[in-house]
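Remarks on the structure that follows.
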């Protein structure tokens, strides 16, 4: 079974809300309160019972202290996981596994840097009624040419390797029915680095999965640091090649 052992994480509470919101976080002390407040306001306006699963990926600034303060103020709303730095993909996987082990009907994953605009979420929530997966498609981006190029390489490479058009396979704006997510995670080894691409691939391989796509505009980062570079793009491409090859 390809699930992480969550026993040592000292979970504050089980995921019991209608929506589990998975957010990997690294060095976002400047804006994380604002980003979470912006999203919480949208969920509350729609009347969506939700819990945030916030995974701190070994932040070196004051991010963890902010998250702990949120947790102390309302432990039913915030589930905080802290781990040594191991990358975005493994942070997502930890959050996915915790959400899959709970009773939320839906799991929603976003990033913590403010690029995911909550304005599109009502359309996602509406589209879920007869779907299992509702994914964003980044039709416009404010985060620079290199980021756009990376996404295009990701789409081309992963689609060629899988034999399917995975559209925007690494998009961090995705709503998944929990039982569908739970089944897909069983097929993905926990030691993968690029979990979002692997998850998209596994979900798309199941012909019974019902899909909807919502065009979104991706904002520029609201804070933190942009760590992407040409060397990392090359390394990431090799990792993607090897990892999708392991799934086939």
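Nothing in this text is a laboratory measurement; each read-out follows from the coordinates by a stated rule. In this text the structure is predicted, and so the values were computed from the model without any measurement. Positions of Cβ are backbone-derived with ideal geometry, glycine not excepted, and every protein chain shown enters the neighbour counts.
Worth pointing out:
- Relative to its residue count, segment 20-155 spans a Cα convex hull of 130 Å³ per residue.
- D_trans [Stokes-Einstein, Kirkwood Rh over alpha-carbon pairs] for segment 8-93, 37 °C, 0.692 mPa s, µm² s⁻¹: 249 µm²/s
- Cβ crowding within 10 Å, taken as a proxy for footprinting-reagent exposure, orders 64, 166 from fewest neighbours to most as 64, 166.
- Percentage of interatomic Cα-Cα distances in segment 70-215 larger than 22 Å: 41 percent
- Using the Cβ-Cβ distance between residue 31 and residue 149 with R0 set to 41 Å, the FRET efficiency works out to roughly 0.95.
- For segment 109-183, the mean projected area of the C-alpha convex hull, equal to one quarter of the hull surface, is 6.0 nm².
- Exposure proxy ranking, count of Cβ atoms within 10 Å, fewest first, for 145, 94, 164: 145, 164, 94
- Residues listed by number, segment 67-92, amide nitrogen under 17 Å from residue 16 label point at 7 Å toward C-beta: 74-80
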